Structures are given as structure tokens and as C-alpha cells.
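*Asks:* One structure, pasted below without further comment.
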Amino acid sequence: CEKLGFDKGFTIYDDDDSKRLVKDIYSELDLDPKRWPINNIRNRISSAKNELMTPGEFAKSATGDPGAKVAARVYEKLQQRLKAANAFDFDDLLLYTHLLLKNHADVLEAYQNRFRYLLVDEYQDTNKAQYEITKLLAAKNQNIMVVGDDDQSIYSWRGAEIENILRFEKDFNDAQTIRLERNYRSTANILAAASCLISHNDGRLGKTLKVAENSPAQNCDNTKIKVVSNYNGEDEARYVVDQIDY
């Protein structure tokens, strides 16, 4: 952390700590939280950090968007206050790790030598910061294995980029792709319906799902799928239990 201008023994702010700090900054900048909701501004700042944008870079991109301009002002103050407190928030842990590895070759090489083999699970849900950090760590030894399903990317609202898994073979030319297409949980009827629906998605690697041999699903009948709408999670659980009991 000293290479980044911080002192040893730094503090990591949790979400509540960070929110309190932003509220203080609102008072300092005389911002109206009704006009500029705090959660919205914090989400913009979080997205900027996950996109590896420093306050200066974010401010340059905020032209023509009043909300982005406010977020840029808060972002700059937030980083100043965090630095003064010798603290990082959760998003900083990715942002500053990337800056550390990118700008300090000695640190990067030390970690490349320490972590010679990398395994990343749920790769379809990585964001830009996680993607770039992974590429830096794997660049020397090229020993990387990722596991993921492009059809199960559900965290785009949290910054996840499906493109990360789609371009993996381009990033690592010698990569071998192994498709796990045997399904142990669903009947052929369900797999056919799911495959038909997901096939309409743009930007996917594609797969052909089939029921695994000797799995319990192989012996189930293929009655038609029906759609059930439940009021909430408890209602859904109650419905499932009722069906099992029935």
C-alpha cells in the first residue's frame, strides 16, 4: 500500500462506513439528497471504479449529464477523504490493486511468481476490474482456467461483462474449451424449452444440453411445462412444498 501513497495498517470501510462518508460530503458540497439520491450517486461512483476510472477520468466523461457531474464531484471528494483516513472502500480494493499491478512491475512479477496457476469460477460475472487484474496475473505463465456459463450471466446491473467469457479464447490463444453439456437435474422436456428460449440471446457461445445417462431425470416423464406465478419467495416455497406433498 505504501507504493500507492497509503500507510501500513490501512482501514477497509464497509458499506455503512462509506455511506456515512458520502453523507458528510453531501453536507460539505451543499448537495440536496432529494434531488441527487445518495444511493444513485454511490452506484455511479461504484460503476466508475469497477470500470477502472479515476476521479479525473470520470469527470472528463461526465459532460452533458448533470447527475454524472455531481457524482464526479462527490467521487473526487470521496477519494480525498478516504486517502486522508488511510482507508479503502470495497470497490477501491479492485481499483487500487489494478493500479498497483499495472504501474509497479516488481509487484506484478512477485505475484505472478507466487500465483502461477489461476482458477476463476463464475467467469461470466466478472467485471472489467476483475478481468484486467486476472489478465495481468496470468500474463507471465499463461496457466489459467476459467469456469462459467455465458447463458447464466445475471449481474450486468452490478458491472458484470459477458464479453469477458466470450473473448477468453482470443485473450489466451492456446485455450482449450470443454463444454459441460450433460445435465443431471432437469428432464429432457425442460432442457428443450430452456435451450429454445436462450437461443434467442445475442452474443453467446452456444451449447446443446442433454440429460445425463443414469441420472434421476432420465426416468422422469416429460409432462408439459406450466408457468406458475407466485406472490413472493415464501409463496413460491409453499407452492413447491404443496406440489411435493401432493
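*Asks:* State which residue is farthest from Lys207 (Cα to Cα) when the search covers only segment 137-162 and only residues that are in a helix (DSSP H, G or I) and either among the polar types (S, T, N, Q) or open to solvent by less than 90 Å² (accessible area, probe 1.4 Å) (or both). Quick ask: steps written out before the conclusion?
*Replies:* Within segment 137-162, the subset in a helix (DSSP H, G or I) is 137-138, 150-152, 156-158.
Those still in the list that are either among the polar types (S, T, N, Q) or open to solvent by less than 90 Å² (accessible area, probe 1.4 Å) (or both) too: 137-138, 150-152, 156.
Working: Leu137: 29, Ala138: 27, Asp150: 10, Asp151: 9, Gln152: 12, Ser156: 21 Å.
Top of the filtered list is Leu137.
*Asks:* Can you find a residue that is under 30 Å from Leu100 (Cα atoms) and among the acidic types (Asp, Glu) anywhere in segment 156-167?
*Replies:* From segment 156-167, those under 30 Å from Leu100 (Cα atoms) are 156-167; that's our starting set.
Those still in the list that are among the acidic types (Asp, Glu) too: 161, 163.
So far as segment 156-167 goes, yes, one or more of its residues are under 30 Å from Leu100 (Cα atoms) and among the acidic types (Asp, Glu).
*Asks:* Can you confirm whether Leu205 is within 19 Å of Val147 (Cα to Cα) and either touching a strand residue (DSSP E or B) at 6+ places or on another chain (Cβ under 6 Å) or aromatic (Phe, Trp, Tyr) (or both)? Full working, then the answer.
*Replies:* Working: within 19 Å of Val147 (Cα to Cα): yes; either touching a strand residue (DSSP E or B) at 6+ places or on another chain (Cβ under 6 Å) or aromatic (Phe, Trp, Tyr) (or both): no.
In short, no.
*Asks:* Can you say whether Leu94 is of a type outside the set (D, E, K, R) and part of a helix (DSSP H, G or I), as far as the supplied structure shows? Spell out the reasoning first.
*Replies:* Working: of a type outside the set (D, E, K, R): yes; part of a helix (DSSP H, G or I): yes.
Yes.
Table: residues versus (1) open to solvent by less than 70 Å² (accessible area, probe 1.4 Å); (2) closer than 22 Å to His104 by Cβ; (3) acidic (Asp, Glu); (4) modelled with pLDDT of 95 or more.
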{"position": "Asp7", "(1), (2), (3), (4)": "no, yes, yes, no"}
{"position": "Tyr13", "(1), (2), (3), (4)": "yes, no, no, yes"}
{"position": "Leu21", "(1), (2), (3), (4)": "yes, no, no, yes"}
{"position": "Tyr26", "(1), (2), (3), (4)": "yes, no, no, yes"}
{"position": "Ile45", "(1), (2), (3), (4)": "yes, no, no, yes"}
{"position": "Asn50", "(1), (2), (3), (4)": "yes, yes, no, no"}
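*Asks:* Can you tell me which residues in segment 17-40 are free of Cβ contacts under 8 Å to residues at least 12 places away in the same chain and in a loop (DSSP other than H, G, I, E, B)?
*Replies:* Asp30, Asp32, Pro33, Lys34, Arg35, Pro37
*Asks:* Could you tell me which of the residues Asn113, Asn141, Asn127 is over 14 Å from the mean Cα position of the chain (by Cα) and at pLDDT below 95? First the steps, then the outcome.
*Replies:* Details: Asn113 fails: at pLDDT below 95; Asn127 fails: over 14 Å from the mean Cα position of the chain (by Cα).
That would be Asn141, the only listed residue that is over 14 Å from the mean Cα position of the chain (by Cα) and at pLDDT below 95.
*Asks:* Still on this model: Give segment 198-236 a look and list any residue that's open to solvent by 60 Å² or more (accessible area, probe 1.4 Å), within 26 Å of the chain's Cα centre (by Cα) and of a type in the set (Lys, Arg), or say none.
*Replies:* Arg204
*Asks:* Mind checking whether some residue in segment 120-135 is aliphatic (A, V, I, L, M) and open to solvent by 40 Å² or more (accessible area, probe 1.4 Å)? Before the answer, list the steps.
*Replies:* Kept after step one, since they are aliphatic (A, V, I, L, M), are these residues of segment 120-135: 120, 129, 133.
From what's left, open to solvent by 40 Å² or more (accessible area, probe 1.4 Å): none.
No, every residue in segment 120-135 fails to be aliphatic (A, V, I, L, M) and open to solvent by 40 Å² or more (accessible area, probe 1.4 Å).
*Asks:* Separate question: Any residue in segment 180-188 that is crowded, with 19+ Cβ neighbours inside 10 Å, in contact (Cβ under 8 Å) with a residue 12 or more places away in the chain and touching a strand residue (DSSP E or B) at 6+ places or on another chain (Cβ under 9 Å)? Break it down into steps so the answer makes sense when it comes.
*Replies:* First, the residues of segment 180-188 that are crowded, with 19+ Cβ neighbours inside 10 Å: 187.
From what's left, in contact (Cβ under 8 Å) with a residue 12 or more places away in the chain: 187.
Restricting the remaining residues to those that are touching a strand residue (DSSP E or B) at 6+ places or on another chain (Cβ under 9 Å) gives 187.
Yes, because at least one residue in segment 180-188 is crowded, with 19+ Cβ neighbours inside 10 Å, in contact (Cβ under 8 Å) with a residue 12 or more places away in the chain and touching a strand residue (DSSP E or B) at 6+ places or on another chain (Cβ under 9 Å).
The values are calculated or read from the model by the stated rules, or taken from the named source; none is laboratory data. A quick note: this is a predicted structure, and the numbers were derived from the prediction, not measured. Because the Cβ atoms are built from the backbone with ideal geometry, glycine has one as well, and the counts that use them run over all protein chains shown. Calculation scope for accessible area: heavy atoms of the full protein, side chains included, ligands and nucleic acids excluded. Shrake-Rupley method; radii C 1.70, N 1.55, O 1.52, S 1.80 Å.
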